[in-house]
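Q: My structure is below; once you've seen it, I'll send some questions.
The values are calculated or read from the model by the stated rules, or taken from the named source; none is laboratory data. All values reported here derive from a predicted model rather than from experimental measurement. Quick reminder, even Gly has a Cβ in these numbers, built from the backbone with ideal geometry, and neighbours come from all protein chains shown.
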Amino acid sequence: MEALLSAENLGKEYSSRHSSGAKTSVRALDHANLTIWSGTRVAIVGASGSGKSTLAACLACLEKPSAGSIRFKNQELTALSEYELRSIRPQIQLVFQDPATVFNPNFTVLKVLEEPWILQTKIAAEERRELARELLARVGLPRNILGRGPRDLSGGQRQRLAIARALALEPKILILDEALSALDYSVQAQIANLLLDLSDRSIPPTKRPAIVLITHDLVMAARFAEEIVVMQGGHIVESGPTQKIIGSPEHEATFALLACTTGIASITENGPVV
Amino acid sequence: MRYLTRRFLHAVFLLAGATVVTFLFTALAPGNYFDEMRLNPQISPETLTALKARYDLDKPLGIRYLVWLKSLAHGEMGYSFAYNSPVATLLVQRARNTLLLTITATLLAWSIALPLGVWSAERSGRWADRLVTGSSAILLVIPDIALALGFLMIAVHTRWLPAGGMASVGSETLSFVARLWDLSRHMFLPVTILVFSAQPLLVRHVRSAVAETLGEGFIRAAEGHGIPRGRLLWRYALPAAANPLISLFGFSIGALLSGSLLIEVVTSWPGLGPFLLEAILARDLYVVVGGVLLSTLFLVAGNFIADVMLFWADPRIRAE
């Protein structure tokens, strides 16, 4: 396996100015080191405010880090201009938490899916339509919703559409930032299964995207990921194979997260036994 | 379609209501056009009575309204006491001049405000944005009259441009191109004043609507899909921010006849403004009612056009 994306000493500081003129800054990410290998499933877990989403946004090139480096296929991303990043971004796709706000309100499902193809390929309109139908089928959505607006879909369907849109670009990495949190349990399970199908071991590593699941739910992380990264206060405090993190945690943040779960008895080949 | 029909009926109802209210208010105002004639010893009371009867002023308000409606149906809108000719003919001549001024100014103002507002929104919080919002705030607090007098002063001192009117003396003898040039020179000053007075409000609205949209999730998501910044601004953010701007554009259309009144008076532009002012002072009843009706017609039409544009632009309204 090759290292797809690696972050080294990554830091992100947000500063704001009060009405009094005083400048305050918050360090959301500090000295984060992380490597994502092609075709793997990684979960980044942590409590609210631990820096998970900031890390995700930096990895997806949607936030410029204040310090450190990000390398994608051995290319340094932090030095690239906005224009140069445009060709990188489609390969690292981020699916957001709230599927209600991530679609252009003026677009239909077809327009949502075909927009990147219009801009980045020369695929004919009829072919784009067929590709969009195939993509919908791949994420378990009916093929006949192309003319509908995303607002006509349920929360779970919208999140599937968001995943379909991300897949339309055939990304190397798919990052889901709390993308399952807003959904009810049955829909969460369906989408988790969809993600497992997408990263099925029978697909060659170069053909399947690496999936990074960002969540505060350790049970979901343990069921889904091969590797877990634990964050606290902007730092990566612990990382390693899922069995190790769940079986013999070392950091207090991991203990705290484990304490919040209803209890994971053991990890088997089919996932954790709760 | 039901939405548009409902909006159309609403517009018709509003127009009818405006005529009734205007009629009522003009009737409640003390005195009429012929009252000052009573002081003139050369005009006998019988002549005055005959004049009032000729213009139906001796009839009750309801009858006067019905007679006026009949005249409206004939395309006359009543008779002007001062000009002794159908109001519609008089209004159309002046309205044409006003529209020439205001349509030019409105189109110019919007074509400057849109790119400037979007440009400023994209640089939200940076020096370019502060420059635009700061200068528009300064323009906003300057009263139109001060702006107009300032520009007039420049015109008079530099003599680069004519300071008033619509055409130079003897311009009728000029060639078509020369007349057009003469008209453009006369239009420059009032159009510039109108653009400057409309600009800050439009720029601020465009800026705030686009800036708000740029912070929304779908813009960030589209950015993550590698959509170019230009397309994000013009094809994503601006259409999504368009609803309040379309309503504002409707108001711009609505203000086409009434918005330039002051500027027309100051720059002696022979439009509807000075004509209506003169009619109000002389209590030329039907000219005032006609002027109000025409302005309301534009306001209602502006709102209706905005509704149609909203219907066309926003799938959520269509879905409702």
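Q: Against the definition (buried (at least 16 other Cβ atoms within 10 Å of the Cβ) and within 23 Å of A:Ile211 (Cα to Cα)), how does A:Lys64 come out, yes or no?
A: no
Q: From the set of residues in region B:227-237 that are buried (at least 20 other Cβ atoms within 10 Å of the Cβ) and at the interface with chain A (Cβ under 7 Å from one of its Cβ atoms), which is farthest from the chain's Cα centre (by Cα)?
A: This residue is B:Ile227.
Q: Is it the case that B:Ile263 is of a type outside the set (D, E, K, R) and within 14 Å of chain A (Cβ to nearest Cβ)?
A: The answer is no for B:Ile263.
Q: For region A:162-264, give me every one of the strands (runs of 3 or more DSSP E) that falls completely inside it and has 1 or more residues that are of a type in the set (Val, Ile, Thr) and free of Cβ contacts under 8 Å to residues at least 24 places away in the same chain.
A: Result: A:235-241.
Q: Hey, another quick one. Looking at region B:248-260, is at least one residue crowded, with 20+ Cβ neighbours inside 10 Å and over 12 Å from the mean Cα position of the chain (by Cα)?
A: Checked region B:248-260: no residue is crowded, with 20+ Cβ neighbours inside 10 Å and over 12 Å from the mean Cα position of the chain (by Cα).
Q: Filter region A:58-83 for residues that are within 13 Å of chain B (Cβ to nearest Cβ) and in contact with a Pro (Cβ under 8 Å, 6 or more places away or on another chain) and give the result.
A: A:Cys58, the sole residue that qualifies.
Q: I need a count of the residues in region A:100-132 that are assigned to a loop (DSSP other than H, G, I, E, B), of a type in the set (Val, Ile, Thr) and closer than 17 Å to B:Glu223 by Cβ.
A: Total satisfying the criteria: 2.
Q: Here is a further query. Among the residues of region B:248-304 satisfying the criterion of being outside any helix (DSSP H, G or I), among the small types (Gly, Ala, Ser) and touching a Gly at 6+ places or on another chain (Cβ under 7 Å), which is nearest to B:Leu202 (Cα to Cα)?
A: The qualifying residue nearest to B:Leu202 (Cα to Cα) is B:Ser260.
Q: Still on this structure: Looking only at region B:196-218, how many residues end up being small (Gly, Ala, Ser) and within 13 Å of chain A (Cβ to nearest Cβ)?
A: Total satisfying the criteria: 2.
Q: Restricting attention to region A:30-47, does a residue exist that is under 19 Å from A:Gln232 (Cβ atoms), at pLDDT below 90 and assigned to a loop (DSSP other than H, G, I, E, B)?
A: For region A:30-47, residues under 19 Å from A:Gln232 (Cβ atoms), at pLDDT below 90 and assigned to a loop (DSSP other than H, G, I, E, B): present.
Q: Out of all the residues in region A:81-99, which are touching a residue at least 60 places away in the same chain (Cβ under 8 Å) and either assigned to a strand (DSSP E or B) or closer than 12 Å to B:Glu223 by Cβ (or both)?
A: A:Pro90, A:Ile92, A:Gln93, A:Leu94, A:Val95, A:Phe96
Q: I've got another one for you. Please enumerate the residues belonging to region B:73-108 that are part of a helix (DSSP H, G or I) and crowded, with 23+ Cβ neighbours inside 10 Å.
A: Passing the criteria: B:Val87, B:Leu90, B:Leu91, B:Thr98, B:Leu101, B:Thr102, B:Ala105, B:Thr106.
Q: Evaluate region A:113-122: report whether one residue or more is over 22 Å from the mean Cα position of the chain (by Cα), at pLDDT 90 or above and under 28 Å from A:Ser186 (Cβ atoms).
A: No.
Q: Looking at region B:1-46 only, could you name the residues that are outside any helix (DSSP H, G or I), touching a residue at least 40 places away in the same chain (Cβ under 8 Å) and not polar (S, T, N, Q)?
A: B:Ala29, B:Gly31, B:Tyr33, B:Phe34
Q: Now for a separate question. Please go through (1) touching a residue at least 60 places away in the same chain (Cβ under 8 Å); (2) within 9 Å of another protein chain (Cβ to nearest Cβ) for A:Glu115 and return the number of the only condition it doesn't satisfy.
A: (1)
Q: Of the residues A:Gln157, A:Gln97, A:Gln93, which is more than 11 Å from chain B (Cβ to nearest Cβ) and buried (at least 18 other Cβ atoms within 10 Å of the Cβ)?
A: A:Gln157
Q: May I ask you to say which residue of A:Pro90, A:Pro105 is under 23 Å from A:Val212 (Cβ atoms) and of a type outside the set (Asp, Glu)?
A: The match here is A:Pro90.
Q: Follow-up. Given the residues B:Leu294, B:Leu276, which is the only one that is surrounded by 19 or more Cβ atoms within 10 Å (Cβ to Cβ) and either under 12 Å from the mean Cα position of the chain (by Cα) or within 14 Å of another protein chain (Cβ to nearest Cβ) (or both)?
A: The match here is B:Leu294.
Q: B:Ala221 passes all but one of (1) facing chain A (nearest Cβ under 10 Å); (2) hydrophobic (A, V, I, L, M, F, W, C); (3) crowded, with 23+ Cβ neighbours inside 10 Å; (4) in contact (Cβ under 8 Å) with a residue 40 or more places away in the chain; which number fails?
A: Among (1) facing chain A (nearest Cβ under 10 Å); (2) hydrophobic (A, V, I, L, M, F, W, C); (3) crowded, with 23+ Cβ neighbours inside 10 Å; (4) in contact (Cβ under 8 Å) with a residue 40 or more places away in the chain, B:Ala221 violates only (4).
Q: Which one is surrounded by the fewest Cβ atoms within 10 Å (Cβ to Cβ) among residues in region A:67-90 that are polar (S, T, N, Q) and at negative phi?
A: A:Ser81
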